[in-house]
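What follows is a single structure, written as structure tokens, with notes after it.
The values are calculated or read from the model by the stated rules, or taken from the named source; none is laboratory data. Given the structure is predicted, the values throughout are model-derived calculations rather than measurements. Neighbour counts are summed over all protein chains in view; Cβ atoms, including those assigned to glycine, are modelled from backbone coordinates with ideal geometry.
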Amino acid sequence: ELARAIRHLAETAAPYGTYNVTGSGTVCSWADVARRTFALAGHDPDRVSGVSTAAYFAKATAPIAPRPMFGALDLTKIESTGFVPADADETLAKYVRSEARETQRA
């Protein structure tokens, strides 16, 4: 998706600046993405447990990079250039199917 967005920005001579790029759809956590991946791969998504940013920081034993409490990306700016992000769930499903086929071939 990132490569497609860069190409779009270059080809449309979009204004210079910083653009957020991600798939479209419902905002979800990394744990949500992992659960969806587990389910798509035929595994039990309940095996994935999430952790809040606050809990992550509280248990850190070494210096860690700062992270926002809410890290959803706003796509308004890139969408205003005419870019239409692909649906994140559909893209993930397509990727997992592709990886499953490759694994079966190996």
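Structure notes:
- Residues located in segment 41-64, provided they are free of Cβ contacts under 8 Å to residues at least 40 places away in the same chain and closer than 30 Å to Lys94 by Cα: Gly42, His43, Asp44, Pro45, Asp46, Arg47, Val48, Ser49, Gly50, Val51, Ser52, Thr53
- Only one of the numbered conditions (1) loosely packed, with under 13 Cβ neighbours inside 10 Å; (2) in a helix (DSSP H, G or I); (3) modelled with pLDDT of 90 or more; (4) more than 17 Å from the chain's Cα centre (by Cα) is not met by His8, and that is (1).
- Among the residues examined, Gly50 qualifies as in a loop (DSSP other than H, G, I, E, B) and surrounded by 11 or more Cβ atoms within 10 Å (Cβ to Cβ).
- For segment 78-96, filtering for residues that are loosely packed, with under 15 Cβ neighbours inside 10 Å and outside any loop (DSSP other than H, G, I, E, B) leaves 5.
- Selected residue (criterion: nearest to Met69 (Cα to Cα)) from residues of segment 17-41 that are modelled with pLDDT of 95 or more and surrounded by fewer than 13 Cβ atoms within 10 Å (Cβ to Cβ): Thr18
- Some residue of segment 97-105 being closer than 18 Å to Leu2 by Cα and of a type in the set (Gly, Ala, Ser): no
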